[in-house]
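First up is the structure itself, then whatever we jot down about it.
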Amino acid sequence: MRTYLVGGAVRDKLLARPVIDHDHVVVGARPEDMLALGYRPVGKDFPVFLHPETSEEYALARTERKTGRGYHGFAFHADPDVTLEQDLARRDLTINAIAEDEQGRLVDPYGGARDIEQRVLRHVSPAFVEDPVRLLRVARFAARFAPLGFTVAAETMALLQQMVRNGEVDHLVPERVWAETRKALGEAQPSAFLRVLRESAALAVLFPEIDALYGIPQRAEFHPEIDTGIHVEMVLDAAARLAPGNDLVGFCALVHDLGKALTPKEELPRHVGHEHRGVQPLRALAARLKVPTDYAELAALVCREHLNVHRAFELKPATVLKLLTALDALRRPERLQIFLTACMADKRGRLGHEHDDYPQAAWLEQARNAAASITAAPFVAQGLQGPAIGAAMEKARVQAIGALKSNLTKE
């Protein structure tokens with residue numbers, strides 16, 4: 001029985017990145033051997049155990065065989081005779097197929113350490129094409145490691161394209177697509193996720209609403225990058241800089257401009273009304289991928305209202321209050337923060353505007369605080385009842401925002 005540290009822990013040590021999870025593979029053992037040592041079983045499809053003291057995962061070395069379409073179409077075989085090299089062979093990328101023994105020596109049969117040095121994402125074996133989730137994982141790893149200079153190997157990209165052509169990607173379940181997308185949106189450079197999916201032709205299959213944005217022109221005076229698809233990539237990366245790891249901000253950034261794909265050709269490069277047209281394809285995408293309701297709802301508000309936020313100083317106080325109410329910002333100020341961050345990312349996701357100031361955010365936060373300071377108590381004391389209290393509070397909140405705006409104008 002021999003134990004090895006494997007996968008991301010070894011990879012991240014070699015990259016001098018923080019190691020979050022420590023996963024291990026055990027060679028030469030049976031399930032009963034693990035149980036006798038006090039390990040707790042957790043695996044359903046194959047033998048995985050938790051260490052009795054550290055609770056880290058220990059999986060028996062195993063091989064896998066393709067039995068059907070999709071992510072679940074595999075049969076696993078765990079046996080004491082399965083070697084470490086056989087176990088590593090079933091992994092997706094060479095950088096994830098490195099092991100470290102208990103003395104700290106690397107076992108690297110597929111050249112993962114070399115690919116880390118050369119900053120390459122490369123598949124381990126031709127069996128890579130059998131699991132469609134791997135396409136999403138490569139795109140997600142691209143989003144994580146693009147800032148370090150990683151690119152997808154040409155032969156691996158050819159396999160990704162093959163997976164799309166042979167229909168393997170069509171068998172991805174919505175929950176898994178969303179799970180991988182959500183992780184990618186929290187990575188350092190989410191634009192790389194879109195670029196890998198687009199180059200492999202998977203973007204048109206999985207996210208046709210986003211794929212349709214590429215090639216759609218915008219007015220150069222507002223969008224020097226011109227192409228709407230490129231703009232979305234830039235907004236995603238701006239969101240990642242403004243709110244590192246926040247996939248909710250990332251999702252709002254991803255879908256904020258879907259309406260531009262629906263602009264009549266004769267109106268291009270102008271996009272009048274795109275913020276309203278974008279809500280329907282956003283809801284279709286969210287329903288298809290089973291996106292959580294809170295993500296879909298806030299993203300729809302960003303889609304519909306981001307232009308109003310850009311011109312926040314021009315809005316009437318009543319319109320500002322209406323916006324804040326739609327966001328439920330008076331009760332949930334954190335929701336306003338996420339909303340404004342996504343709008344700021346839209347402003348900065350333009351060529352040459354990456355560091356623009358965005359005073360609209362601070363102004364709307366002040367407006368929210370002014371409105372939230374109005375409570376029901378004084379109106380109850382005046383003897384108002386029922387709907388009259390709500391009407392009086394709304395009027396007072398509009399006046400408070402108006403007073404704030406007047407002071408802002410004087411300054």
Quiz item: Of Ala240, Val42, Phe150, which is farthest on the positive side of the dipole of the chain, counting Cα position, with +1 on Lys and Arg Cβ, -1 on Asp and Glu Cβ, and the Cα centre as origin?
Solution: Ala240
Quiz prompt | For a label point 7 Å along the Cα-to-beta-carbon line of Thr54, residues of region 10-40 with backbone N under 11 Å | solution = 21-25
Quiz item: Any idea what Rg and Dmax come out to for the chain if you just take the C-alpha atoms, in Å?
Solution: 25.9, 83
Quiz item: To the nearest 10 Å², what's Arg114's accessible area with a 1.4 Å probe?
Solution: 110 Å²
Quiz item: Rank Glu221, Glu267 by accessible area, highest first, at a 1.4 Å probe radius?
Solution: Glu221, Glu267
Practice problem: Order Thr63, Thr325, most accessible first, counting only protein heavy atoms with a 1.4 angstrom probe. | Solution: Thr325, Thr63
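Can you tally the net charge around Ala318? Count Lys and Arg as +1, Asp and Glu as -1, for every other residue whose Cβ sits under 11 Å from the Cβ of Ala318.
On the way: positive: Lys316, Lys322, Lys395, Arg397; negative: Glu394.
Once all neighbours under 11 Å are counted, the net charge is +3.
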Quiz item: For the chain, what are the DSSP H helices with axial Cα length of 24 Å or more and mean Kyte-Doolittle hydropathy of at least 0.0?
Solution: 293-310, 387-410
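Using Cα pairs closer than 8 Å and at least 6 residues apart in sequence, work out the relative contact order for the chain, in percent.
Relative contact order of the chain: 10 percent.
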Exercise. Treating the Cα atoms of region 272-411 as identical point scatterers in vacuum, please give the log10 of the normalised Debye intensity I(q)/I(0) at q = 0.20 Å⁻¹, two decimals.
Key: -1.21
Quiz item: Roughly how many Å² is the accessible area per residue of the chain, as a whole number, for a 1.4 Å probe?
Solution: 46 Å²
Self-check item: Backbone N under 16 Å from the Ile226 label point (7 Å along Cα→Cβ), restricted to region 247-290
Solution: 268-270
Exercise. Calculate, for His22 and Arg219, the FRET efficiency according to 1/(1 + (r/R0)^6) with r their C-beta to C-beta distance and R0 60 Å; round to the nearest 0.05.
Key: 0.70
Practice problem: Rounded to whole Å and sorted largest first, list the principal axis extents of the Cα atoms in region 237-329. | Solution: 36, 34, 25
Practice problem: Give the accessible area for Asp346 in Å² (nearest 10); use a 1.4 Å probe, count only protein heavy atoms, and leave out ligands, DNA and RNA. | Solution: 0 Å²
Quiz item: Expressed as a whole percentage, what fraction of the accessible surface of the chain belongs to carbon and sulfur atoms when a 1.4 Å probe is rolled over the protein heavy atoms?
Solution: 52 percent
Quiz item: For region 196-244, what is the convex hull (Cα atoms) projected area averaged across all directions, in square nanometres?
Solution: 4.0 nm²
Quiz prompt | For region 283-356: relative contact order, % (alpha-carbon pairs under 8 angstrom, 6 or more apart) | solution = 26 percent
Quiz item: Which value in Å does the Kirkwood hydrodynamic radius of region 273-319 take, with 1/r averaged over all unlike C-alpha pairs and then inverted?
Solution: 11.6 Å
Self-check item: Enclosed volume per residue, in Å³, of the convex hull spanned by Cα atoms of region 1-159
Solution: 114 Å³
Quiz item: Which of His353, Ile389, Leu364 sits closest to the plus end of the dipole of region 321-392, meaning its Cα is farthest towards the positive end, when Lys and Arg get +1 and Asp and Glu get -1 on the C-beta?
Solution: Ile389
Self-check item: Inter-label distance, nm, simple model (7 Å from Cα along the C-beta direction), Thr293/Glu365
Solution: 3.0 nm
Quiz item: Which lysines have a Cα less than 21 Å from the Cα of Lys44, not counting those fewer than 8 places away in the same chain?
Solution: Lys66
Self-check item: Protection proxy ranking, peptides 135-145, 120-130, average beta carbon neighbours within 10 Å, highest first
Solution: 135-145, 120-130
Practice problem: Could you please put Asp87, Asp33 in sequence from largest to smallest accessible area, using a 1.4 Å probe? | Solution: Asp33, Asp87
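The values are calculated or read from the model by the stated rules, or taken from the named source; none is laboratory data. Note that the structure is a prediction, hence the values are computed from the model and not measured. No Cβ is skipped: glycine too gets one built from the backbone with ideal geometry, and neighbour counts run over all protein chains shown. With ligands, DNA and RNA removed, areas are computed over all heavy atoms of the protein, side chains included. Shrake-Rupley method; radii C 1.70, N 1.55, O 1.52, S 1.80 Å.
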